[in-house]
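Take a look at the structure set out below.
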Amino acid sequence: MAREGEGGKAGKVDKGRKESKSRRVQSNLLFSCAKGGENPNRHSAGNHIKTTKYTLLSYLPKNLFEQFHRFANVYFVFIALLNFVPAVNAFQPELALAPVLFILAVTAIKDLWEDYRRHRSDQEINHMDCLVYCRPIETHAK
């Protein structure tokens, strides 16, 4: 750790202070020496893994928001909507929407499938067995 010393010399390392390489991690489980059922980890976050991007309510708005951040999608929707103006339409307006809606639908289904796969992976990881250190017998248990 380089810091400027008192004499203004850059790059001087403070040798008097050593950083600790160990850390203490407590389980979110209650342990036997807790006073009166008090959980010492009540202020800590849980260890539940969630990597999904969407919920049931947020899927459609978030997905459309992400898709319309792509310039190509905005451009083709604009062209399809412009086709509804009688003075500038090139062909049937309904026909112009078909390719854009198809691409948006396929992308939405792909994103939904990927999010479902993330959800399944999260569930698999969250339900895995792990070893927990048991203080009274001083060993790891399942």
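Please treat every number below as a calculation from the coordinates, not as lab data. Note that this is a predicted model, so its numbers are computed, not measured.
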Under Karplus coefficients 6.51, -1.76 and 1.60, residue-wise ³J(HN,Hα) of the stretch 97-111 in Hz, glycine/proline x: 6, 4, x, 5, 5, 4, 5, 4, 5, 5, 5, 5, 5, 4, 5
field: Karplus-derived 3J(HN,Hα), 6.51/-1.76/1.60, for each residue of the stretch 82-94, Hz, glycine and proline x
entry: 5, 5, 7, 7, x, 6, 10, 6, 9, 8, 4, x, 5
- prompt: Around TYR133, which amide H atoms from residues at least 5 apart in sequence, or from another chain, sit under 5 Å from its own amide H, with H modelled in the peptide plane?
  reply: ALA141
